[in-house]
Amino acid sequence: MMNILEYKKIIQQNLEKYFEEYKKNSSYSSVIWDSMAYTTLLDGKRLRAIMCLEIAKKFGIDYEIAMPLACSMEIMHAYSLIHDDLPCMDNDDLRRGKPTNHKVFGEAIAVLAGDALISFGAKLIIDKLKNFPSDVILDILDEYLKTAGAQGIVAGQVADIEAENKKIDIENLKYIHKYKTGALFKCSMLIAAKLAQVNDKIMKNIEKYADNFGVLFQIYDDIIDCTLTTQELGKTAGKDANVHKLTYVSAYGIDGAKNIFNNLVKENYDILMKLDIKSDVFDEIYELLNKRINN
Ligand code: IPE
Ligand code: IPE
Ligand code: MG
Ligand code: MG
Ligand code: MG
């Protein structure tokens, strides 16, 4: 049985392998591949990929088979991080403990690398899962494309940017969390469930689980933004307060935010029970998040 460290290692190896393969077969300048690979391959927690593999596993699909899906989620995630850090967005210098993509490659290449990553993730799904029925793959791609764009992450990021320095309500904040962060977690778990062709009832439960996880994860991110150091975060501390962002912390205080976080974790535990799933890996993920918000 795999734990999160083992998952992380094997996800990293596969990401490296894919980048090497596609870069080698690419006709034009390699700088775009270097830029795409730079942010993707830096040390991230790989939670989206891990959760994708774990859902696949629980419904009968081995991690070797589901790996292209998991990697496509880390690739989409890297696109969202590169664009999120741009000077016109959050204007961040530090990501995963290293200079942000535009600091290393310049803004133009960073924008293009984000664009190219979106299509790279989809291409991997098409190229590497040829043994699956095409309607299953089409359904997965539908979810992938929805998530990457204006029905997913982009919708959340637009709402996030528009909310800066403005009074917004909690409903609006929930919307932002659900889309800018939740959409990708949801996609990660749903496409794994789709690959395993689970029934509608199970799918609904996974959807609820993933929705909850997206929100609780962004609450976690908002908490550590103001409780951990830049060194511990690997990104600039205190960002949200600096731009007067409404977060669960500014709205409910740190303890209030932790309470909501804990309630969502509990709700998710109940959903897994209902699905008759016991996952040490999901337990490990909650432990990791808990440790960081309570340190
Ligand atoms: C950061 O996500 C972006 C958010 C959605 C808050 P992670 O905290 O999962 O970042 P990495 O992948 O571990 O660097
Ligand atoms: C994360 O929001 C959303 C995306 C990256 C899409 P944040 O702006 O809070 O993420 P960090 O804190 O920069 O990782
Ligand atoms: Mg942001
Ligand atoms: Mg940011
Ligand atoms: Mg943040």
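No value in this document is a laboratory result; all are computed from the given coordinates. Computed from a predicted model, the values in this text were never measured in an experiment. FYI the Cβ positions are ideal-geometry reconstructions off the backbone, even for glycines, and counts take in every protein chain you see.
Here are some notes:
- Net +/- balance of residues flanking LYS291 in space, Cβ distance below 12 Å, scoring K and R +1, D and E -1: -2
- Long-range HN-HN contacts of ARG95 with modeled amide H, under 5 Å: THR100
- Shape call, segment 78-153: gyration tensor on alpha carbons, a/c limit 1.5: prolate
- Relative contact order of segment 4-293, defined on C-alpha pairs under 8 angstrom at six or more residues apart (%): 18
- Farthest toward positive dipole pole in segment 61-176 [+1 Lys/Arg, -1 Asp/Glu at C-beta], among ILE61, ILE161, LEU94: LEU94
- Exposure proxy ranking for GLU171, GLU74, GLU143, based on other Cβ atoms within 10 angstrom of each Cβ and starting from the fewest, stands as GLU171, GLU143, GLU74.
- Segment 1-37 versus segment 80-142: alpha-carbon centroid distance in Å: 12
- For q = 0.09, 0.10, 0.15, 0.16 Å⁻¹, Debye-computed log10 I/I(0) when each Cα of the chain counts as one equal scatterer: -0.41, -0.51, -1.24, -1.42
- Listed by Cβ neighbour count within 10 Å, with the fewest neighbours leading, LYS186, LYS278 appear as LYS278, LYS186.
- Think of it as helices only: each DSSP H run of n ≥ 4 in the chain is worth -39500 (n - 2.57), and spread over all residues that comes to -24000 deg cm²/dmol at 222 nm.
- In the structure shown, the pairs LYS128/LYS186; LYS17/LYS123; LYS180/LYS245; LYS9/LYS45; LYS98/LYS239; LYS245/LYS266 are assessed against 19 Å; a Cα-Cα span above that value is assigned to LYS128/LYS186; LYS245/LYS266.
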